[in-house]
Ligand SMILES: Cc1cc2nc3c(=O)[nH]c(=O)nc-3n(C[C@H](O)[C@H](O)[C@H](O)COP(=O)(O)OP(=O)(O)OC[C@H]3O[C@@H](n4cnc5c(N)ncnc54)[C@H](O)[C@@H]3O)c2cc1C
Ligand code: HEM
Ligand code: SF4
Ligand code: FES
């Protein structure tokens, strides 16, 4: 198929950026979206133009490295990551607009690449269970109800891609945060730090400059892992309990 | 935000119930209005309850608008460069119009207070005390004007929208929507509250306009 | 032999050191001295690690703050080590090329992690896990290392559960296990099809906690380009800040490489796009030995290639082989039929036919080769893809076999199957556009894991003093073939439990002399890296880095893939040498070196892959036997099974860099078993 690509190009974080238009032919529907961009880059290199910079690593939908706003949808039209999006979701003659995640907390580094280190800092401020190596009790000494464990697992599948922030009109990272809070808060091992965790993470979230959640729901629709809004409610609930108990 | 929002919801619920008294006639309605003023006497001074409500509402209003402005500012600062193309995939129209809808409500609120509470302007022109000091009469003479009813209905539409998302959102903000079934219920609650309140408020002016009440 | 008895006093060796009589790689290498692990433990196998832990020196907690540790890599091996050493109070600097430590490729592991907990009471024990691993590795691993791995495996599960890793559980709330390729017990712990992700997030969170505590400093989007040696000791690294392009030096008392595997030398593999050999290869060029580089694991259950655009291959966890049955049509003319229309009697369930006792659960190398043979035989399924033949012509081949879940769905119900494999099957559908609940899945082998890596001693230290290597980047524990669910175990064993102990013994001699950037050795490393980058930027030829990488991958897959022959490998070495010339004279790298430049990153990596590819071929050429993932066409039984030659090759091949124009030097480390006895592997 033949496509018209409108891609945001920006040389560096400080340089001004803009949309450039490219025509690309020879795209097969078995290609992944990123392989389509690889093809474009191969053509650009042959022509002596600098290839478009974009992030990807595992290309199997699990590392969370890939991003891209595709025609106004984070990770494109399917519920999956950009690297798992395939060209059979598009048709010949389509125009595709590709932009980076837009958020001040995710500054553009180059072209379509943004800096998501704010997520690491949110995890640093409480997104863990303190268990020094070697201090762990026998694994089966603390049973965890199966449904709770599955619920925790579902929340733990967040890949930290940032699509929730990109899709949210407020640029809030509540879904990302709520996923971690739900994952750890659902397990018996996560109880001791449950309330200090939520307070710490929310404080860092706000400090970074992420927006406030108004429960609009664009995040969960964009989330490639289908993390539900429930986790934000859980976050709010834990936060409320934490405040009542003066954490 | 959620707390102040819920204060509003409770208030408008009671307020709407009161308004419906209009269907019981002039006497009942004015009695209700009067009753509001002497409620709790002698424990409370005249207008005591009314003042308590007014203060609570005023504080809530400041908190509500304050948080709304703060949220808006944070959102703006977060996305200085807009998307060239942005699609909404899941959000309801009401959730995306909270800010404009809120502003509409705010403007309406000022007019509404001027109209019925503070200055008691009778838009029909007759400013005599017969009318301005008789809540029932003031209401009827206002809503006899088609454009007054229209303004009121537009405001109720805005209120319905605001409540549709607001109710659901407040439940979520309070941490009560932790499962898919709770979510379905919260969404229904949003619809019910929106329809009951906006619908309930709209009945009176419509009834006046169409002469059911006069 | 005298050597052996010195290292295993009081224990009876069960084999003699091998004596190589063949010399297929003559002319391509120089034979060096024999290599002996200077840190090999002694005593009964069950006591070796305990004794070592006790004998190793400790570092006074007050001194730890003064000791700097560089850890390159934030996968299970690196992340776990950073967290643990940070907790202990050392000063850790952690590096990764991704934008966050959480994205290391360990994240992609699906199936599970082994541990000898024996929760199923099916007769598991440390010894059985040890034995299975040694046997699975075709008796090409060191027994002491493997036993230690089995021994600490149970601590890993405890540790991960305490961190909140949401492993699958049974209804009673206790941990669940499943069985995994090549063994008869259920000892695999799993978190749906995302075990690696959950384990890595556990290590990542523990590491971020230490970042907050100030003991670990994380350098993301930093790529190691060279190792700094001072007086023969590893003292730091040269790294490129991938955002600013700045070439930086980082100095420390000790350097740990946990940089993962180099499967991307084949261009197409299940590795991440950025997985590379650069860190290990730079260390190799500075003197570290590269051991058994040819041992490559080809995974039988990957999604087949669809065309020339393919950038990577995707694994379908082999846990699917527990419930799926593998087959091809008996008749070639059925190959383009709808598989549901092929009656059972016309299907060849070839693994069940050939290996009745293990059936679909035979080890990976066997399953992979069997699939290849079926397709070579013209009974492959799926779309026809063009294949370049050795004589330069192209033919159309179907490269795929069915993995059929129909029986499992009938037996367990769709719900149960969905619960077990949900995300995998979704992924399959997304990639292929076919519904695996309706149509049998198509699979084909792909490069997945490398057992080879930098040579390390029992304490995980390479032959360069002060350079430790952990995880997939070292060679130590899996021999010629790794069992499923054992890499995660090794990464975490190294990171949480082994390295923190052994590195302390090394650091007990520190802190070493303070260095700064002005030291001549540091300056020299910096200059050589800068020169190399400048050179890459200035060649300005005609070919994209990508096209050269693809070509290398093609050579490797064709001649150094599932089946290797003397003739093919010799040809490959010639082709690779030409490609190397082509690269250094005709590659085109656009953009500038002083900003983010993905082309330059790739060029740096591909340059090293080319050199590694050559060494892999030489190693494969020398090893004229079939063992584990290494199958030499010349060494098979009459019915086509791998044939090992313990008399010639029961050794670790540790290769020393022979200089830019010299030939690599082979050091052999004999493998002597005392706790078990070498046997021919049989999964019949
Ligand atoms: C698809 C897939 C599925 C798998 N499934 C299983 C399974 O079910 N069970 C199992 O046991 N094993 C499995 N494996 C194998 C296992 O996942 C890996 O062997 C293991 O995770 C490797 O861990 P590691 O820490 O050594 O390296 P990795 O996790 O690969 O980490 C490498 C790290 O090094 C960094 N790095 C690399 N080069 C540089 C450089 N030059 N400069 C700076 N940083 C660098 C990277 O940024 C990264 O942080 C699977 C592997 C794959 C690919
Ligand atoms: C004075 C005019 C008003 C303004 C400017 C305003 C504005 C806003 C804004 C911006 C929000 C946040 C957006 C969101 O949560 O999605 C909000 C939330 C809300 N508003 Fe209003 N609003 C006003 C009046 C009202 C009234 C009259 C009611 C009740 C009848 C109300 C009830 C709510 C509720 C329940 C919420 C949800 C709170 C939450 O999610 O935490 N608001 N309002
Ligand atoms: S919650 Fe979903 S969208 Fe947000 S970071 Fe996690 S996986 Fe990505
Ligand atoms: S590249 Fe890893 S999730 Fe897309």
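The values are calculated or read from the model by the stated rules, or taken from the named source; none is laboratory data. Here the structure is a predicted model, which means the values were calculated and not measured. Virtual Cβ from ideal backbone geometry, glycine too; neighbours counted across all protein chains shown.
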### Task
Could you grab the pairs with beta carbons closer than 6 Å, sequence gap of 6+ or different chains, first residue in region B:85-98 and free of Cβ contacts under 8 Å to residues at least 12 places away in the same chain, second one more than 16 Å from ligand 4 (Cβ to nearest atom) and outside any loop (DSSP other than H, G, I, E, B)?
B:85/A:97; B:89/A:221; B:90/A:218; B:90/A:221; B:91/A:218
### Task
Out of the residues in region C:588-630 that are out of contact with any helix residue (DSSP H, G or I) (no Cβ under 7 Å at 6 or more places or on another chain) and part of a helix (DSSP H, G or I), state the one that is nearest to the other protein chains (Cβ to nearest Cβ).
C:598
### Meets criteria (closer than 25 Å to residue C:110 by Cβ, part of a loop (DSSP other than H, G, I, E, B) and within 16 Å of ligand 1 (Cβ to nearest atom)) for residue A:83
no
### Query
When you look at residue A:52, is it touching a residue at least 24 places away in the same chain (Cβ under 8 Å), more than 18 Å from residue A:93 (Cα to Cα) and within 14 Å of chain B (Cβ to nearest Cβ), yes or no?
no
### Query
Can you name every residue in region C:87-106 that is surrounded by fewer than 24 Cβ atoms within 10 Å (Cβ to Cβ), more than 16 Å from ligand 3 (Cβ to nearest atom) and part of a loop (DSSP other than H, G, I, E, B)?
C:89
### Query
Checking residue C:277 against (1) in contact with a strand residue (DSSP E or B) (Cβ under 7 Å, 6 or more places away or on another chain); (2) at pLDDT 95 or above, which single condition isn't satisfied?
(1)
### Query
Taking the condition assigned to a helix (DSSP H, G or I), over 20 Å from residue B:69 (Cβ atoms) and touching a residue at least 12 places away in the same chain (Cβ under 8 Å), does residue B:112 pass?
yes
### Message
For region B:134-182, which positions are free of Cβ contacts under 8 Å to residues at least 40 places away in the same chain and either surrounded by fewer than 20 Cβ atoms within 10 Å (Cβ to Cβ) or in a loop (DSSP other than H, G, I, E, B) (or both)?
### Response
B:145, B:147, B:150, B:175, B:176, B:177, B:178, B:179, B:180, B:181, B:182
### Message
I'd like to verify a number: residues in region A:157-199 that are out of contact with any strand residue (DSSP E or B) (no Cβ under 9 Å at 6 or more places or on another chain) and either at positive phi or more than 10 Å from ligand 3 (Cβ to nearest atom) (or both), how many?
### Response
24
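Listed here are the residues, each with its yes/no results for (1) within 9 Å of another protein chain (Cβ to nearest Cβ); (2) at negative phi; (3) within 26 Å of the chain's Cα centre (by Cα).
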{"position": "C:164", "(1), (2), (3)": "yes, no, no"}
{"position": "C:174", "(1), (2), (3)": "yes, yes, no"}
{"position": "C:223", "(1), (2), (3)": "no, yes, yes"}
{"position": "C:230", "(1), (2), (3)": "no, yes, no"}
{"position": "C:238", "(1), (2), (3)": "no, yes, yes"}
{"position": "C:245", "(1), (2), (3)": "no, no, no"}
### Residue that is nearest to the other protein chains (Cβ to nearest Cβ), among those in region A:21-38 that are over 25 Å from the mean Cα position of the chain (by Cα) and free of Cβ contacts under 8 Å to residues at least 40 places away in the same chain
A:26
### Residue satisfying condition, being out of contact with any helix residue (DSSP H, G or I) (no Cβ under 9 Å at 6 or more places or on another chain) and more than 19 Å from residue A:212 (Cα to Cα), within set B:58, B:50
B:58
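Within region A:145-152, can one find any residue that is outside any helix (DSSP H, G or I), surrounded by fewer than 21 Cβ atoms within 10 Å (Cβ to Cβ) and touching a strand residue (DSSP E or B) at 6+ places or on another chain (Cβ under 9 Å)?
Scanning region A:145-152, I find at least one residue that is outside any helix (DSSP H, G or I), surrounded by fewer than 21 Cβ atoms within 10 Å (Cβ to Cβ) and touching a strand residue (DSSP E or B) at 6+ places or on another chain (Cβ under 9 Å), so the answer is yes.
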### Message
Quick check on region C:528-542. Is at least one of its residues surrounded by fewer than 19 Cβ atoms within 10 Å (Cβ to Cβ) and within 22 Å of residue C:312 (Cα to Cα)?
### Response
no
### Query
Does any residue of region C:192-200 turn out to be touching a residue at least 60 places away in the same chain (Cβ under 8 Å), within 27 Å of residue C:70 (Cα to Cα) and part of a loop (DSSP other than H, G, I, E, B)?
no
### Query
Mind checking which residues of region A:207-240 are part of a helix (DSSP H, G or I), within 8 Å of another protein chain (Cβ to nearest Cβ) and surrounded by fewer than 19 Cβ atoms within 10 Å (Cβ to Cβ)?
A:240
### Message
Out of everything in region A:204-221 that is touching a residue at least 24 places away in the same chain (Cβ under 8 Å) and over 23 Å from residue A:152 (Cα atoms), what residue ends up being nearest to ligand 1 (Cβ to nearest atom)?
### Response
A:208
